[in-house]
Structures are given as structure tokens and as C-alpha cells.
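Before any comments, here is the structure.
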Amino acid sequence: GLGFSVKTDVAKSQINGSEGEYGWGGMASTNFFIDPVEDTVVIFMTQLIPSSAYPIRQELRAIVNAALL
């Protein structure tokens with residue numbers, strides 16, 4: 001699909017990040033997001049199908065956020 005996400009409420013999303021962050025996740029667990037608050041761009045390319053098989057996107061965000069601290 002051609003979906004796109006914009007984070008408007010961090011607590012409600014239950015995913016680390018900042019308000020105003022935007023991105024997209026693909027079928028094979030690919031992911032990209034841009035966080036203007038933290039001034040970061042992440043592009044993650046992988047081929048894990050189905051994307052629900054392993055929570056790699058959540059781990060990616062945890063690793064990126066830990067590196068920022």
C-alpha cells in the first residue's frame with residue numbers, strides 16, 4: 001500500500017519516538033522513519049516475511065533511541 005504514518009501522540013502509539021516523526025513500514029519488515037525533533041533519518045532494509053514474525057521494528061527503534069542518549 002501507499003500508507004504513511006505521522007506520530008501525533010507518543011504515549012498512544014506505544015512506540016518510542018517524538019511527536020511529528022513520520023515514516024513507513026513495508027511488508028518484508030523494511031522500515032524508514034524521520035524524526036525532526038532528534039534530527040535523525042533511519043532507513044532499514046531487510047527481507048523478513050511476514051513482518052509480524054519477529055518484532056525487529058521495535059528493536060530497531062530501541063537501538064536507535066539508545067544510541068541517541
Can you work out the Karplus-derived ³J(HN,Hα) for every residue in region 43-50? Use 6.51 cos²θ - 1.76 cosθ + 1.60 with θ = phi - 60°, whole Hz, and x for glycine or proline. 10, 10, 10, 8, 9, 9, 10, x
Among 37-46, 56-65, how do they line up by average Cβ neighbours within 10 Å per residue, starting with the highest? 56-65, 37-46
Estimated FRET transfer efficiency when R0 is 25 angstrom, pair Ala28-Thr8 (beta carbons, to 0.05): 0.40
Work out Dmax and Rg for the chain from the C-alpha atoms and quote the Rg first, both in angstrom. 11.7, 34
Scoring only Lys, Arg, Asp and Glu (+1, +1, -1, -1) among other residues with Cβ under 12 Å from the Cβ of Glu21 yields -3
Picking from Ala11, Ala53, Ala28, which is most flexible by a Gaussian network model of the chain using Cα springs under 10 Å? Ala53
Lys, Arg +1 and Asp, Glu -1 on Cβ, resulting dipole of region 1-60 about Cα centre, debye, nearest 20: 280
Protein accessible area in the chain, 1.4 Å probe - carbon and sulfur %: 60
When the label point is put 7 Å from the Cα of Ala66 along its Cα-to-beta-carbon vector, which residues of region 1-39 have a backbone N closer than 18 Å? 15-17
Residues of the chain: accessible area per residue with a 1.4 Å probe, Å²: 70
Which Cα, out of Thr8, Pro36, Gly26, lies furthest along the positive dipole direction of the chain (beta carbon charges, K/R +1, D/E -1)? Gly26
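The values are calculated or read from the model by the stated rules, or taken from the named source; none is laboratory data. If you're wondering where the values come from, they're calculated on a predicted model, not measured in any experiment. Note that we place each Cβ from the backbone using ideal geometry, even for glycine, and neighbour counts take in every protein chain shown. Calculation scope for accessible area: heavy atoms of the full protein, side chains included, ligands and nucleic acids excluded. Shrake-Rupley method; radii C 1.70, N 1.55, O 1.52, S 1.80 Å.
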